[in-house]
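Student: Structure provided below as structure tokens; questions to follow.
Values in this text are rule-based calculations from the coordinates and carry no lab data. Note that the structure is a prediction, hence the values are computed from the model and not measured. A quick note on method: Cβ atoms are made from the backbone with ideal geometry, for glycine too, and the neighbour counts reach across all protein chains shown.
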Amino acid sequence: MAQTSLLNPAFALRIAWAQTGNFSDDPHSKMTAREAENALKNIEHRAMKNDKDSIYVGNAIGAMKASLRSMDIIYKSRQSNFEENEKLRTSYMQSITDSLEFGKTAGDFLKSLPTMTITAAGGVTLGQALGLSTLYIWALALALGAAGYMVNLWFVSRSRRHTQMHLIQHDYDRNLYYKQYIDRIADVLISLYFELDRIHADAFGASYPIGDKSPSDLVDDILSGVQPTFCKFVHEHIKSGKITPELWPTCETGTDEVIKTCPHWSPK
């Protein structure tokens, strides 16, 4: 049975995925994309020696370019999601800063209250005018100073925890956007496979054999190294508030050996 020896569908999918490296500013990704493009040009040149390969490869490259355009749009959508998420994070972090400033101001105000009981006129204190003893005034000063310190400490502790939880949520949201990106890329690659299969059948009279694997299996193999590694309970636990800054690395990496040590993990 005749079949292409130059650009089988599985290899074409890998080349298409490698070409998405052009979307990134990363030098290594761009180099990978260039290598994929050079390989494709070489295949296109070699295909001219055979009529069926020439027809198949020419049409396959056209389908790959169309899919690459779709993946470019998906990538830009992901970047837009990231940028919007970053703006929200920045806004929230500013609110945390404002809370810290308020806590500091409230603490300073309480600490300054004792001095407000003292007047400059003849060294006579408001406390003395009200018949309060010097000991009482100094006790009040110490108490208000301590209160100011505790108010500031409470705000700092509260704000720090809120910051940590917000950063976890921010990280979680970015991973959700990334997961959506990978899923949409997978859909495009699966659709590309079926188009390549149709083109191959038109040119050679039959589909290119892929054994027991399905198109989804081929795409899973290609994207296996870039899939998110969340623990399977992360969505449930982040909604229920069970995730803490201490647990988050375990939740995010999802390593089988490690997540079983999590107090919220269950074998269900």
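Student: Mind checking which of GLY241, VAL258, THR229 is farthest towards the positive end of the stretch 229-268's charge dipole, using Cβ charges of +1 (Lys, Arg) and -1 (Asp, Glu) about the Cα centre?
Tutor: GLY241
Student: Mind giving me the nanometre distance, one decimal, between the label points for MET165 and ILE55, set 7 Å out from Cα along Cα→Cβ?
Tutor: 6.5
Student: Oh, and also: Just to confirm a number: summing +1 for Lys and Arg and -1 for Asp and Glu over residues other than LYS213 whose beta-carbon lies under 15 angstrom from that of LYS213, what do you get? If you can, show how the numbers build up before the last one.
Tutor: Working: positive: ARG14; negative: ASP197, ASP212, ASP217, ASP220, ASP221.
Local net charge: -4.
Student: For the pair SER240/SER77, report the inter-label distance in nm, with labels modelled 7 Å from Cα in the Cβ direction.
Tutor: Inter-label distance under the simple model: 3.2 nm.
Student: Within the set LYS179/LYS239; LYS41/LYS76; LYS30/LYS239, which residue pairs have Cα atoms separated by over 28 Å?
Tutor: Numbers: LYS179/LYS239 18 Å; LYS41/LYS76 26 Å; LYS30/LYS239 38 Å.
In this structure, LYS30/LYS239 lie more than 28 Å apart at Cα.
Student: Put a dot 7 Å past each Cα toward the Cβ at MET31 and PHE194; how far apart are the dots in nm?
Tutor: Once both label points are built, they end up 3.8 nm from each other.
Student: While we're looking at this one, here's another question. Can you check what the net charge comes to around HIS235, using other residues whose Cβ is under 13 Å from the Cβ of HIS235 (Lys, Arg +1; Asp, Glu -1)? All intermediate terms of the calculation are to be shown ahead of the outcome.
Tutor: Values: positive: LYS179, LYS232, LYS239, LYS242; negative: ASP173, GLU236, GLU252.
Within the 13 Å Cβ shell, the charges total +1.
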